[in-house]
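The values are calculated or read from the model by the stated rules, or taken from the named source; none is laboratory data. Just so it is clear, the model here is predicted, and its values are computed rather than measured. When we count neighbours, we look across all protein chains shown, and the Cβ atoms used for this are built from the backbone with ideal geometry, even at glycine.
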């Protein structure tokens, strides 16, 4: 708590408690790499976070824009973690569109299930040997 009585928490600890990252060290590395911003500013892992801050988290080309609604010292269940933040509607829509785009690209691409079988190799050889 600050001298004014307002609760505060390190950003890396909050990201871990909110289940954006599996470990606190992964959260700290992401903050150092600039993948996490508070109110649009690049910060360090020790930066204190307060209720009402806007946090932008970028992971694997997906972006979450969330408003901090609560702080938690310990990591709890996923339902408890969901109460720590509120995602903006624009962020949720953009993220869902990106996921749908990835699924469509994966469905349209070839499906390779590992090494070809003997039958597959024979079919391929017959195809390549045709005049």
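Among the residues of the stretch 42-99, the one identified as touching a helix residue (DSSP H, G or I) at 6+ places or on another chain (Cβ under 8 Å) and assigned to a helix (DSSP H, G or I) is 81.
I'd like the full set of residues that are part of a helix (DSSP H, G or I), within 37 Å of the chain's Cα centre (by Cα) and surrounded by 10 or more Cβ atoms within 10 Å (Cβ to Cβ), limited to the stretch 104-131. Within the stretch 104-131, 104 is the sole residue that qualifies. When residue 14 is tested against (1) touching a residue at least 12 places away in the same chain (Cβ under 8 Å); (2) within 22 Å of residue 76 (Cβ to Cβ); (3) outside any helix (DSSP H, G or I), only condition (3) is not met.
Please verify whether residue 31 is modelled with pLDDT of 95 or more, in a strand (DSSP E or B) and under 14 Å from the mean Cα position of the chain (by Cα), treating the condition exactly as stated.
no
Within the stretch 49-92, if we keep just the residues that are touching a residue at least 60 places away in the same chain (Cβ under 8 Å) and under 14 Å from residue 38 (Cβ atoms), the residue that is nearest to the chain's Cα centre (by Cα) turns out to be 85. Does residue 111 satisfy the criteria of being over 17 Å from residue 15 (Cα atoms) and touching a strand residue (DSSP E or B) at 6+ places or on another chain (Cβ under 6 Å)? For residue 111, the condition - over 17 Å from residue 15 (Cα atoms) and touching a strand residue (DSSP E or B) at 6+ places or on another chain (Cβ under 6 Å) - is not met.
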